[in-house]
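Quick notes on the structure that follows.
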Amino acid sequence: MVEIPAYLDRGDTIGVVCPAGYMAMERVQQCLQILQAWGFKVKVGKTVGGNSTNYFSGTDKERLTDFQEMLDDDEVKAVLCARGGYGIGRIIEQIKFKKFAKRPKWIIGFSDVTVLHAHIYSNYKIATLHAPMAGAFNEGENEFVLSLRSALTGTSAKYEVKPHEFNKIGMASGELVGGNLALLTHICGTSSDIKTKNRILFLEDVGEYLYNVDRMLYQLKRNGKFDKLSGVIIGGFTENKDTDRPFGKTVFEIIHEIFQEFDYPICFGFPVSHGIENYALKIGVEYNLSISSGKVILEEK
């Protein structure tokens with residue numbers, strides 16, 4: 001049974017940190033303002049807009065310390081990762097989750113934050129939030145940013161989206177797992193690796209070569225990750241790249257081919273991505289997935 005952290009009330013504090021890539025403070029300001037307009041207090045970590053001169057928001061030690069302090073801070077009820085990029089895999093084994101496991105709080109983000117989602121779900125059976133990060137708030141309070149507020153305050157999600165020609169009709173239910181394809185591939189065989197049997201798996205990615213998407217999917221397939229799923233949700237695969245000699249398939253054609261042999265329901269083009277369309281999804285929470293010829297509904301149980 002997955003434990004769900006307490007939902008937030010007005011006046012609760014959200015900590016904002018950069019546990020991976022660097023993000024300038026001016027890119028975070030609108031996020032902080034909107035969170036405060038929603039009635040939350042914010043506590044900004046040292047890694048947000050820090051003094052880093054390279055890709056990361058700080059040294060491994062600085063990023064670890066900043067995240068650990070937010071994780072252990074009794075005032076902080078949720079931790080929003082301002083951005084992803086790369087870097088959490090360098091510190092995940094050093095994060096101490098003992099206090100967090102006793103008093104869980106929402107961990108929010110996507111992309112590189114997939115490592116945190118998977119690690120927490122696999123090792124502690126605590127729900128987390130795959131959801132928009134700070135940069136998304138610069139697009140304004142659209143339905144995807146607002147889906148984060150709804151998730152944090154306890155509104156059960158129900159998303160309805162248009163069908164896709166590659167969809168496989170059917171009904172599925174199970175705990176929701178997944179996230180960024182590249183990160184899910186990289187954590188195979190580690191302490192953060194996820195089990196997928198009887199679960200609904202969702203996948204998204206950005207900026208990958210088509211052949212690399214194919215390669216990563218085959219790695220997960222060879223690891224047995226697709227064998228006994230309840231259902232699959234394919235989100236956005238944006239900014240794909242091709243080689244000089246074309247791979248010969250679109251990204252959705254690649255994915256469709258990989259999953260063709262399985263008989264569980266699958267939907268394509270669900271609004272979870274590195275783009276603007278990125279609904280908040282609760283990792284580890286039970287969902288119902290209904291795919292018909294006319295629409296797709298993903299509903300929290």
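The values are calculated or read from the model by the stated rules, or taken from the named source; none is laboratory data. The model shown is predicted, which means the values in this text are computed figures rather than measured ones. Here the Cβ positions follow ideal geometry from the backbone for every residue, glycine too, while neighbour counts run over all protein chains shown.
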Exercise. Mind checking whether some residue in segment 84-95 is closer than 22 Å to residue 284 by Cα, part of a loop (DSSP other than H, G, I, E, B) and in the same structural domain as residue 23 (by TED's automatic domain parsing)?
Worked result: yes
Exercise. Mind checking which residues of segment 35-64 are in a helix (DSSP H, G or I), over 19 Å from residue 136 (Cβ atoms) and over 22 Å from the mean Cα position of the chain (by Cα)?
Worked result: 61, 62
Problem set entry | strands (runs of 3 or more DSSP E) completely within segment 236-301 that count 1 or more residues being closer than 29 Å to residue 157 by Cα, among the charged types (D, E, K, R) and touching a strand residue (DSSP E or B) at 6+ places or on another chain (Cβ under 9 Å) | 281-283, 286-291, 296-300
Problem set entry | residue 148 vs. criteria under 19 Å from residue 274 (Cα atoms), at pLDDT 95 or above and either assigned to a loop (DSSP other than H, G, I, E, B) or out of contact with any Ser or Thr (no Cβ under 9 Å at 6 or more places or on another chain) (or both) | yes
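Scan segment 165-185 and give yes if some residue there is assigned to a loop (DSSP other than H, G, I, E, B) and among the charged types (D, E, K, R), otherwise no.
yes
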Exercise. Restricting attention to segment 270-301, which residues are more than 13 Å from the chain's Cα centre (by Cα) and among the aromatic types (Phe, Trp, Tyr)?
Worked result: 270, 287
Problem set entry | Count of segment 159-181 residues which are among the hydrophobic types (A, V, I, L, M, F, W, C) and over 19 Å from residue 257 (Cβ atoms) | 5
Seminar exercise, completed: Picked from segment 88-127 (must be surrounded by fewer than 17 Cβ atoms within 10 Å (Cβ to Cβ) and polar (S, T, N, Q)), the residue farthest from residue 2 (Cα to Cα) is 94
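Does segment 204-228 hold any residues that are of a type in the set (A, V, I, L, M) and free of Cβ contacts under 8 Å to residues at least 40 places away in the same chain, and which are they?
Answer for segment 204-228, where residues must be of a type in the set (A, V, I, L, M) and free of Cβ contacts under 8 Å to residues at least 40 places away in the same chain: 216, 220.
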For this session: Would you mention how many residues in segment 223-281 are over 22 Å from residue 291 (Cβ atoms) and of a type in the set (A, V, I, L, M)?
Result: 1
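Of 10, 63, which residue is surrounded by fewer than 19 Cβ atoms within 10 Å (Cβ to Cβ) and either of a type outside the set (Phe, Trp, Tyr) or not assigned by TED's automatic domain parsing to the domain that holds residue 131 (or both)? If you could, list the steps in order and put the result at the bottom.
On the way: 63 fails: surrounded by fewer than 19 Cβ atoms within 10 Å (Cβ to Cβ).
Going through 10, 63 in turn, the sole match is 10.
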For this session: State whether one or more residues within segment 274-284 are of a type in the set (S, T, N, Q) and surrounded by 23 or more Cβ atoms within 10 Å (Cβ to Cβ).
Result: yes
For this session: Taking the residues in segment 176-190 that are in contact with a helix residue (DSSP H, G or I) (Cβ under 8 Å, 6 or more places away or on another chain) and under 16 Å from residue 120 (Cβ atoms) as candidates, determine which candidate is surrounded by the fewest Cβ atoms within 10 Å (Cβ to Cβ).
Result: 187
